[in-house]
Amino acid sequence: MKIEPPANPLSGVGAGKAATDRATSGAVNADSNAATTANVGGGASVSTSALSSEMRALQEALAQTGAADIDLAKVESIKAAIANRQLLIDPSKIADGLIATARDLLSAQSK
């Protein structure tokens with residue numbers, strides 16, 4: 001099994017795209033109850049809510065910090081262990097973890 005770098009789940013929504021979108025659609029209004037309206041070619045207008053602007057900002061932040069969530073050195077060591085057949089998998093440990101997680105979820109639902 002080959003482990004590849006993760007695909008960006010927010011492709012097309014990075015910081016560069018958001019800046020371009022803002023430049024073409026008008027400034028984002030800081031008032032949380034207001035909506036931003038912009039005229040688009042052909043006389044049509046597009047309106048985005050403050051929630052939409054907040055979601056875009058959150059997506060930008062995720063796109064910038066997404067790579068920090070993965071320890072590339074650890075991934076490389078796991079890849080090497082798999083390639084050298086040194087990775088030991090304990091099925092009973094996995095099963096115990098699944099059962100514990102299921103118990104936690106069931107107890108949380110009953111509360």
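The values are calculated or read from the model by the stated rules, or taken from the named source; none is laboratory data. The structure displayed is predicted, hence computed values, not measured ones. Note that each Cβ is placed from the backbone with ideal geometry, even for glycine, and that neighbours are counted across all protein chains shown.
Taking residue 81, is it among the small types (Gly, Ala, Ser), assigned to a helix (DSSP H, G or I) and modelled with pLDDT under 85?
Working: among the small types (Gly, Ala, Ser): yes; assigned to a helix (DSSP H, G or I): yes; modelled with pLDDT under 85: no.
Considered against the rule, which asks whether it is among the small types (Gly, Ala, Ser), assigned to a helix (DSSP H, G or I) and modelled with pLDDT under 85, residue 81 comes out as no.
Where residues in the range 24-62 are modelled with pLDDT of 80 or more and among the charged types (D, E, K, R), which of them is surrounded by the fewest Cβ atoms within 10 Å (Cβ to Cβ)?
Of everything passing the filter in the range 24-62, 54 is surrounded by the fewest Cβ atoms within 10 Å (Cβ to Cβ).
If you scan the range 84-111, which residues turn out to be outside any loop (DSSP other than H, G, I, E, B) and among the basic types (Lys, Arg)?
Keep residues of the range 84-111 that are outside any loop (DSSP other than H, G, I, E, B), which gives 91-110.
Selection gives 93, 103.
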